[in-house]
Amino acid sequence: EKGTYPHYMLKEIDEQPIVLRKIIQEYQGEKGGFAIDASIRKAMKNADRIYIVAAGTSFHAGLAGKVLLEKLANIPVEVHVASEFSYNMPLLSEKPLFIFISQSGETADSRAVLVKVKELGYPALTITNVPGSTLSREADYTLHLHAGPEIAVASTKAYTAQIAVLAILAADTANEKGRKLPFDIMQELAIAANAMDVLTDHKEEMEKLAKNYLHSARNAFFIGRGSDYYVSLEGALKLKEISYIQAEGFAGGELKHGTIALIEKGTPVIALVTQEHVNYSIRSNVQEVVARGANAMVISMKGLEQTADSFVIPKVQQLLTPLISVIPLQLLAYYAALYRGNDVDKPRNLAKSVTVE
Ligand code: M6R
């Protein structure tokens with residue numbers, strides 16, 4: 001039930017810190033370890049490459065997860081859109097492990113890949129919010145998101161839950177391989193949960209920014225570098241699906257290779273700045289678009305902020321920033337859709353789970 005909330009989407013955005021704490025609790029093992037089944041641990045350890053297959057927001061969570069798995073567990077990871085995978089199958093490594101990420105566990109495009117993968121005899125793990133779902137039953141292993149029912153068509157809490165579970169899986173695999181982690185993942189996730197509280201408590205600022213930047217916008221661009229680029233893709237998808245504003249996410253450095261031609265006076269460009277090593281380069285991309293008349297909204301992380309930035313998010317571990325930076329983007333999409341009088345929870349032409357290929 002949505003209780004006093006006007007929309008499920010807003011309720012689900014607010015639930016993110018609670019979900020993150022629930023995940024920490026569910027996956028906390030004994031003696032500082034993680035509660036992950038030994039069979040999953042073995043499959044992760046045996047794999048020479050991981051293939052993440054997913055659609056939409058879950059695909060975007062997979063991109064953020066790739067960074068965590070490669071950096072922490074030192075396993076090469078490829079992330080594929082499910083609907084492309086079957087027709088455009090990459091060359092597989094010798095010992096692949098497939099990870100299907102799906103909130104509903106019912107996405108037909110992902111299932112088609114799972115069927116094929118099982119025919120080929122490869123191991124598969126499903127990360128889902130619905131443990132009894134088709135993708136969960138048909139895979140060898142399942143990890144549960146513990147996000148509680150997600151009703152709004154626009155996925156929010158499932159995305160952050162997916163990234164958190166992938167972070168824990170990456171840390172567990174690192175442990176298993178005897179790799180020393182540079183930080184305590186559960187502690188950093190707890191810090192991220194507190195940062196989420198701060199963001200969900202300051203919605204009025206995002207409401208104002210949505211009004212100023214997106215009220216009458218025809219299109220909008222999201223830019224970032226590194227994991228900020230992946231979150232930009234998610235921010236653009238959120239805005240498209242509920243506000244119907246044409247939006248695209250770009251790697252900051254790619255703008256000058258074509259897209260910058262679209263920047264006109266007043267075009268909204270939302271830039272994410274949470275990665276220290278690209279702070280300078282993404283800020284020069286912002287200057288490039290501002291010089292062409294863009295209305296730039298810079299969302300930066302504490303410690304990297306400049307006085308003219310539109311919004312500053314609390315500081316979290318650099319590898320976990322997608323958990324936090326996505327929240328202002330979810331709120332921007334929500335308020336932009338509200339201003340435009342759209343049906344926030346049930347956008348046109350969309351269904352909560354896409355059960356046709
Ligand atoms: O249930 P799934 O995670 O497999 O769904 C995948 C996509 O259909 C889903 O994330 C979709 O993109 C959302 N509407 C995005 O908000």
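Points worth noting:
- The stretch 1-31 and the stretch 68-136 have Cα centres spaced 25 Å apart.
- Model label points for Arg137 and Val81, set 7 angstrom from Cα along the Cα-to-Cβ axis, are 3.0 nm apart.
- Mean-position separation - Cα centroids, the stretch 286-349 and the stretch 164-229, in angstrom: 11 Å
- Residue-wise HN-Hα coupling along the stretch 68-79, computed from phi with Karplus coefficients 6.51, -1.76, 1.60 (Hz; x: Gly, Pro): 5, 5, 6, 6, 8, 9, 6, 10, x, 10, 10, 10
- Dipole-positive endmost among Thr200, Asn295, Gly121 within the chain (Cβ charges, Cα centre): Asn295
- Backbone HN-Hα couplings from phi across the stretch 95-100 [Karplus 6.51/-1.76/1.60, Hz, Gly and Pro as x]: 10, x, 10, 9, 10, 9
- Residue-averaged [θ]222 nm for the chain, counting only DSSP H segments that reach four residues, each worth -39500 (n - 2.57): -14000 deg cm²/dmol
- Interchain or long-range residues, amide H under 5 Å from Val273's placed H: Ile299, Ser300, Met301
- Extreme residue, positive dipole direction of the chain, given options Ala73, Ile191, Asn342 (C-beta unit charges): Ala73
- Near the amide H of Thr142, within less than 5 Å, lie the amide hydrogens of Thr126, all on another chain or at least 5 residues away, with H placed in the peptide plane.
- Rounded to the nearest 20 debye, the dipole size of the chain about its Cα centre is 280 debye, using +1 on the Cβ of Lys and Arg and -1 on the Cβ of Asp and Glu.
- Once both labels are positioned 7 Å from their Cα atoms along Cα-to-Cβ, the gap between Leu91 and Lys302 label points is 4.8 nm.
- Size of charge dipole - the stretch 97-182 - debye, nearest 20, with Cβ of Lys, Arg +1 and Asp, Glu -1, no other charges: 240 debye
- Phi-derived couplings, Karplus 6.51 cos²θ - 1.76 cosθ + 1.60 at θ = phi - 60°, listed residue by residue for the stretch 33-42: x, 10, 7, 10, 3, 4, 5, 5, 4, 5 Hz, with x used for Gly and Pro.
- Dipole check for the stretch 83-231: with +1 at the C-beta of Lys and Arg, -1 at the C-beta of Asp and Glu, and the Cα centre as origin, the magnitude is about 280 Debye.
- Using a Gaussian network model of the chain in which every pair of alpha carbons under 10 angstrom is joined by a spring, one finds that among Ala64, Ala337, Ala190 the greatest mean-square fluctuation is at Ala190.
- Antiparallel %, DSSP beta bridges [both residues in the chain], to 5: 5 percent
Each reported figure results from applying straightforward, stated rules to the coordinates on display, with no laboratory input. The shown structure was predicted, so the numbers you read here are calculated from the model rather than taken from an experiment. FYI the Cβ positions are ideal-geometry reconstructions off the backbone, even for glycines, and counts take in every protein chain you see.
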